[in-house]
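Okay, so here's the structure we're looking at.
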Amino acid sequence: MTVVAATGNAHKLREMREILKDFELLSAAEAGFSEEVEETGTTFLENALLKAHATAKATGMPAIADDSGLCVDALGGAPGVYSARYSKLFGPAGWTLGNRALLLKNLEGKTDRRAHFTCAIALVYPDGREITAEGRTYGVILTEERGENGFGYDPLFYSEELGCTFAEASEEAKNGVSHRGRALAALLEKL
Ligand code: IMP
């Protein structure tokens, strides 16, 4: 089955291709869809569904979309669905810091460093049928960055299962325990 992946993020596309090996995964650009779908939902699942529906409708092909983010216990689950835009919520002071430095600043003096990544995945067929799944991975936020791999909050996220940060892990090791890996595996099982 050929499926359009509604993401412009090369890391995510690679992770998806790695796990959904039996599918031919086209990027949205390859399928001729380059519109940015606004993430107006208040949950990861709502946003994944928004993106998958828009892409399936525009391309006439089944579309898969994910929405993911980091939820920090001591910050009441923030940045959550705003993970990609976190620093933008804090005006110019936030923009100059960037997401990771802002997270560290907001956690200064906090001893509870527990956090998890969540990923919601939606596969939507052109007739509107939906299959959804979710995955999580748990860890703690370090007080400084470690490692060069991955993207986003990876250098700050120490995975208890891996015994290192996601940015210190190989792509394969990260995929084995990651929120996205788990959500994709759960989706595959449903299929
Ligand atoms: P999305 O592209 O709307 O799903 O935004 C997800 C945001 O959450 C990204 O821009 C990252 O900041 C963060 N994020 C999601 N998954 C990961 C991950 O695997 N590692 C690091 N950061 C992640």
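The values are calculated or read from the model by the stated rules, or taken from the named source; none is laboratory data. On a predicted model such as this, the values are computed, not experimentally measured, just so you know. FYI the Cβ positions are ideal-geometry reconstructions off the backbone, even for glycines, and counts take in every protein chain you see. These accessible areas exclude ligands, DNA and RNA; they are computed on the full protein's heavy atoms, side chains included. Shrake-Rupley method; radii C 1.70, N 1.55, O 1.52, S 1.80 Å.
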Could you look through the range 132-159, keep only residues that are out of contact with any Pro (no Cβ under 9 Å at 6 or more places or on another chain) and not in a strand (DSSP E or B), and pick out the one that is farthest from the ligand (Cβ to nearest atom)?
143
Could you please find all residues in the range 157-176 being open to solvent by less than 20 Å² (accessible area, probe 1.4 Å) and either of a type in the set (Ser, Thr, Tyr) or at pLDDT 95 or above (or both)?
157, 159, 165, 166, 167, 169
Members of the range 6-54 that are closer than 27 Å to residue 176 by Cα and among the β-branched types (Val, Ile, Thr)
7, 19, 43
Within the range 79-102, of all residues that are touching a residue at least 24 places away in the same chain (Cβ under 8 Å) and among the aliphatic types (A, V, I, L, M), the one least open to solvent (accessible area, probe 1.4 Å) is 81
All positions within the range 177-186 that are over 24 Å from residue 102 (Cβ atoms) and at pLDDT 95 or above
177, 182, 183, 186
Anything in the range 112-131 that is surrounded by fewer than 22 Cβ atoms within 10 Å (Cβ to Cβ) and either under 16 Å from residue 19 (Cα atoms) or within 14 Å of the ligand (Cβ to nearest atom) (or both)? List them, or say none.
116
Condition test on residue 51, is it touching a strand residue (DSSP E or B) at 6+ places or on another chain (Cβ under 9 Å), of a type in the set (Lys, Arg) and away from the ligand (no atom under 13 Å from the Cβ)?
no
Answer yes or no: is there a residue in the range 103-126 that is closer than 29 Å to residue 33 by Cα and free of Cβ contacts under 8 Å to residues at least 12 places away in the same chain.
no
Counted residues, the range 177-191 - those being in a helix (DSSP H, G or I) and open to solvent by 30 Å² or more (accessible area, probe 1.4 Å):
6
Those residues of the range 56-86 that are in contact with a Pro (Cβ under 9 Å, 6 or more places away or on another chain) and either within 20 Å of residue 152 (Cβ to Cβ) or part of a helix (DSSP H, G or I) (or both) come to a total of 9
